[in-house]
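S.K.: Here it is, the structure, as structure tokens.
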Amino acid sequence: MELLDGKIVKKEILDQVKKLVNDINRPLGLTVIQVGDDEASKVYVRQKEKMANELGFNFNHIKFDADIKQEKLLKVIDKLNKDDTVDGVLVQMPIPEHLDSKIVQNRISPLKDVDGLTDVNAGCLVHNKDSLVPCTPQGIIDLLKYYNISLEGRNVTIVGRSDLVGKPLANLMINNNATVCLCHSKTIDLKKYTANADILVVAVGKANFIKEDDVKEGAVIVDVGINRQDDGKLCGDVYFDGVKDKVSFITPVPGGVGQMTVAELAKNTYKAYVLRNKNR
Ligand code: NAP
């Protein structure tokens, strides 16, 4: 078994982005809006800030109390959309329930939508048009490509159909000529699909959900899940110790897909700059 090491690939991607942004005559601007005090969000925002600082981006963290009115939030996004020094905007999810996340996400200009969650960018992905793609699924594709794992003609099973991971990943896999099976909580006989997969991606959010019997001998396993255990340690959705001797490649948790997500945000910020300048 070989580990799919996200740290190595992240470093390579960040080095590439650093070279590209060096040729631009101003720092790239990345704004993250956070609403409320979600603990996990604080960690994710800190990781984004660290990456942005490393690359010399102008990082702007806008924080609002949990009871902010939706209209006020939308006005702030409108202002950022018009600001020429801002290349990328994202709203850290989850946001409080009184806010409509679809409306909020879709208010971001598709050209600055570095999370790739607007309907416009989701539609472009379905039609295989160059656009801003959600960071985690693009990170999975880049990680597999780095390790020369071919996608064409392979049976890929994805467990989890969220707008953030499963659905965009299914489209990316199709665009890369894989044969895709997208499973979810209503799937009957899940094992039938997971045990048939050459490449199995699990994004469910349940600790150690996939076990040895659920995977095919020699399969490639991509574990997206990040779950906090009782002892405080992180684990994935796949029972690592159970499957590791049966599979060919597997992502560790932590140190796998999560690393790629931050790297892809850097790439998307640069891409947003390029796309916006092309559209002038
Ligand atoms: P989500 O929106 O909660 O979606 C979970 C998906 O799992 C849903 O599609 C759900 O099906 C499916 N599911 C739940 N129980 C199932 C079952 N028993 N059998 C089959 N499918 C089942 O989660 P998400 O945002 O995609 O995130 C998933 C996990 O990845 C979480 O642990 C999250 O923390 C992690 N994550 C990691 C990164 C990273 O950078 N590494 C990024 C994003 C997310 P239904 O649609 O039918 O409800």
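S.K.: Test of understanding: what is the full-extension gain from residue 276 to residue 228, defined as 0.36 nm times their sequence separation minus their Cα-Cα distance? Show your work: numbers first, answer last.
M.R.: Working: separation 48, 0.36 × 48 = 17.28 nm, distance 3.87 nm.
Full-extension gain reported as 13.4 nm.
S.K.: Next question, about the same structure. Test of understanding: ordering 214, 38, 78 by Cβ neighbours within 10 Å, fewest first, what list do you get?
M.R.: Lowest to highest Cβ neighbour count: 78, 38, 214.
S.K.: Label residue 162 and residue 25 with points 7 Å out from Cα along Cα→Cβ: what is the distance between them in nm?
M.R.: For residue 162 paired with residue 25, the spin-label model returns 4.2 nm.
S.K.: If you average the alpha carbon positions of segment 119-171 and of segment 17-40, how far apart do those two centres end up, in angstrom?
M.R.: 22
S.K.: Taking K and R as +1 and D and E as -1, what net charge do the other residues with C-beta under 15 Å from the C-beta of residue 69 add up to? Numbers along the way, then the final one.
M.R.: On the way: positive: 72, 75, 107; negative: 65, 67, 71, 78, 97, 100.
With Lys, Arg at +1 and Asp, Glu at -1, the neighbours total -3.
S.K.: Only counting other Cβ atoms within 10 Å, I'd like 228, 107 sorted with the fewest neighbours first. Don't jump to the answer; show the numbers that get you there.
M.R.: Numbers: 228 12, 107 20.
Fewest-to-most Cβ neighbours within 10 Å comes out as 228, 107.
S.K.: Using a basic spin-label model with each label point 7 Å from the Cα along Cα→Cβ, how many nm lie between residue 47 and residue 128?
M.R.: The answer from the label model is 3.1 nm.
S.K.: Here's something else I'd like to know. Which value in deg cm²/dmol, rounded to the nearest 500, describes the helix-derived mean residue ellipticity at 222 nm for the chain, given -39,500 (n - 2.57) per DSSP H run of n ≥ 4 and division by the residue count?
M.R.: Details: 10 runs with 114 residues, N = 280.
Rounded to the nearest 500, the figure is -12500 deg cm²/dmol.
S.K.: Just subtract the alpha-carbon distance of residue 15 and residue 189 from 0.36 nm times their residue separation and send over the number in nm, one decimal. Walk me through the intermediate numbers first.
M.R.: Details: separation 174, 0.36 × 174 = 62.64 nm, distance 4.35 nm.
Taking residue 15 through residue 189 to full extension adds about 58.3 nm, to one decimal.
S.K.: Return the aspartates and glutamates within reach of residue 244: Cα separation strictly under 19 angstrom, same-chain partners fewer than 8 residues apart disregarded; answer none if there are no such residues.
M.R.: 2, 5, 198, 212, 213, 214, 217, 223
S.K.: Which residue fluctuates the most in the chain, going by a Gaussian network model with Cα springs under 10 Å, if the choices are 42, 186, 11?
M.R.: Looking only at 42, 186, 11, the largest GNM fluctuation is found for 186.
S.K.: Springs between alpha-carbon pairs under 10 angstrom, Gaussian network model over the chain: which of 43, 257, 91 fluctuates most?
M.R.: 43
S.K.: Arrange the following residues from fewest to most other Cβ atoms within 10 Å of their Cβ: 90, 30, 73. Write out the running numbers ahead of the final one.
M.R.: Values: 90 24, 30 27, 73 20.
Arranged by neighbour count, lowest to highest, 90, 30, 73 become 73, 90, 30.
S.K.: Rounded if a/c is under 1.5, else prolate if a/b beats b/c, else oblate: with a ≥ b ≥ c from the C-alpha gyration tensor eigenvalues square-rooted, which is segment 24-112? Numbers along the way, then the final one.
M.R.: Values: a/c = 2.38, a/b = 1.31, b/c = 1.82.
Oblate.
None of the figures in this text is laboratory data; all of them are computed from the coordinates on show. Keep in mind that what you see is a predicted model, and the values were worked out from it rather than measured. As a convention, Cβ positions derive from the backbone with ideal geometry for all residues, glycine included, and neighbour counts pool all protein chains shown.
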